[in-house]
1. Within the group A:176, A:105, A:115, which residue is within 25 Å of residue A:36 (Cβ to Cβ), touching a helix residue (DSSP H, G or I) at 6+ places or on another chain (Cβ under 9 Å) and part of a strand (DSSP E or B)?
2. Confirm whether residue A:19 is buried (at least 19 other Cβ atoms within 10 Å of the Cβ), modelled with pLDDT of 95 or more and either touching a helix residue (DSSP H, G or I) at 6+ places or on another chain (Cβ under 7 Å) or at the interface with chain B (Cβ under 7 Å from one of its Cβ atoms) (or both).
3. Sort out which residues of segment A:95-114 are surrounded by fewer than 20 Cβ atoms within 10 Å (Cβ to Cβ) and either on the phi < 0 side of the Ramachandran plot or at pLDDT 95 or above (or both), and write them in order of number.
4. If I filter segment A:63-84 for residues that are touching a residue at least 60 places away in the same chain (Cβ under 8 Å), buried (at least 19 other Cβ atoms within 10 Å of the Cβ) and in contact with a strand residue (DSSP E or B) (Cβ under 9 Å, 6 or more places away or on another chain), do I get at least one hit?
5. In segment A:89-102, which residues are part of a strand (DSSP E or B) and closer than 19 Å to residue B:64 by Cβ?
6. Out of all the residues in segment B:156-178, which are within 26 Å of residue B:84 (Cα to Cα) and buried (at least 23 other Cβ atoms within 10 Å of the Cβ)?
7. Residues that are touching a residue at least 24 places away in the same chain (Cβ under 8 Å) and under 16 Å from the mean Cα position of the chain (by Cα): which strands (runs of 3 or more DSSP E) entirely in segment B:132-203 hold 3 or more of them?
8. From the set of residues in segment B:38-56 that are more than 7 Å from chain A (Cβ to nearest Cβ) and surrounded by 14 or more Cβ atoms within 10 Å (Cβ to Cβ), which is nearest to residue B:217 (Cα to Cα)?
């Protein structure tokens, strides 16, 4: 039996009181061994910040394992759940404290799976933020290879002194590659 | 001088929507989802991708979804009428249904989040400036986990329609926002549930951004007298279908 999926709709302007919760963006506490900052800005087609977006991340643990532990909504401070949610601020910036994801299969290029919601965005968008640095793994990645070269960089985070930076451009110059995972 | 969005009339926006609907009806295509590029919804103009989504087979972490459990949810969060000391104003209602994947399998023990305006169409949000009363006994946020059959159930108050600034005298049909997870990351969805027969449907560019009539109807709950409770609450039923899964179901998904 194949059913037709229900259409999505915009998250609207008034989601924060429902979807933003304490600790949602801290997958590990500040100061946790190996903690990194994963941050970036959500920008619109004019290059202006989107201050009312919501970004979710889902990632493997540093050893590449897929976490199957609950607790993302009420963190216990010890369990890494692999999932987090952060609203953007007035400068369009979202920020997570997390761990560097590992490769889920040996040699694969590790990435953070990213979901973007916003007022004015009629349905959610999915993308990947690849961990920078391992050029061999990135060069061998099937998804990156399937994207035209000029746009590949939109899928790869950049390193800074605290971790990784991943800007999301909804439209226009440097528009992020967003993914469609539907089966044909 | 150029007219601002706030000065444009419903008639202007409706004419744009009618033209888009007629163009769709004249095409031989069938769309099942919401358009990202729908100019009558003014806030979308600079916030939709202009390039086609890139088709990709999900891999690795995308084949899994986060796990939520009893430590994440208090069972009382499923009753939005019990979150304060008094009874909220408005029509008490139940809304229930099943979350299914694209193959008709129930999405079990997974998180469902809802949020909504109160009976007067006012959100508990500091940026909602609609001059309707805040109900001190209603926040409008609910959470639950689906059961082993994929069923969710909430008790709440029927939300009111509310004005917004897309154009002059713009009103949203009454709706409840739903946030859903599947068994895979790729199934993540946020949508809105509407109520049958709302006179604002034809005027609303967010609802009409689904240009296919039968696809739009999938967002409209059905009044269900079997859900209605004697001398207590009216009842609505609304099932949600997520996209198909890619991973072969494992025993843990079937338990």
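1. Only one candidate qualifies: A:115.
2. Values: buried (at least 19 other Cβ atoms within 10 Å of the Cβ): yes; modelled with pLDDT of 95 or more: yes; either touching a helix residue (DSSP H, G or I) at 6+ places or on another chain (Cβ under 7 Å) or at the interface with chain B (Cβ under 7 Å from one of its Cβ atoms) (or both): yes.
Judged against the criteria, residue A:19 is a match.
3. Restricting attention to segment A:95-114, the residues satisfying the condition of being surrounded by fewer than 20 Cβ atoms within 10 Å (Cβ to Cβ) are A:95, A:100, A:102-103, A:105-108.
Answer for segment A:95-114, where residues must be surrounded by fewer than 20 Cβ atoms within 10 Å (Cβ to Cβ) and either on the phi < 0 side of the Ramachandran plot or at pLDDT 95 or above (or both): A:95, A:100, A:102, A:103, A:105, A:106, A:108.
4. Scanning segment A:63-84 turns up at least one residue that is touching a residue at least 60 places away in the same chain (Cβ under 8 Å), buried (at least 19 other Cβ atoms within 10 Å of the Cβ) and in contact with a strand residue (DSSP E or B) (Cβ under 9 Å, 6 or more places away or on another chain).
5. First, the residues of segment A:89-102 that are part of a strand (DSSP E or B): A:93-98.
A:96, A:98 - these are the residues of segment A:89-102 that are part of a strand (DSSP E or B) and closer than 19 Å to residue B:64 by Cβ.
6. First pass over segment B:156-178, keeping only residues within 26 Å of residue B:84 (Cα to Cα): B:156-162, B:174-178.
If the condition is that a residue be within 26 Å of residue B:84 (Cα to Cα) and buried (at least 23 other Cβ atoms within 10 Å of the Cβ), then B:156, B:157, B:159, B:175, B:176, B:177, B:178 are the ones that fit.
7. On the way: elements: B:141-145, B:151-157, B:162-164, B:170-172, B:175-180, B:189-194.
By residue number, B:141-145, B:151-157, B:175-180, B:189-194.
8. Of segment B:38-56, the ones more than 7 Å from chain A (Cβ to nearest Cβ) are B:39-40, B:42, B:45, B:52.
Subsequent filtering for residues that are surrounded by 14 or more Cβ atoms within 10 Å (Cβ to Cβ) retains B:39-40, B:42, B:45.
Details: B:39: 21, B:40: 20, B:42: 23, B:45: 25 Å.
Top of the filtered list is B:40.
The values are calculated or read from the model by the stated rules, or taken from the named source; none is laboratory data. Note that the structure is predicted; figures quoted are calculated from it, not measured. Using ideal geometry, Cβ is built from the backbone for each residue, glycine included, and neighbour counts are taken over all protein chains shown.
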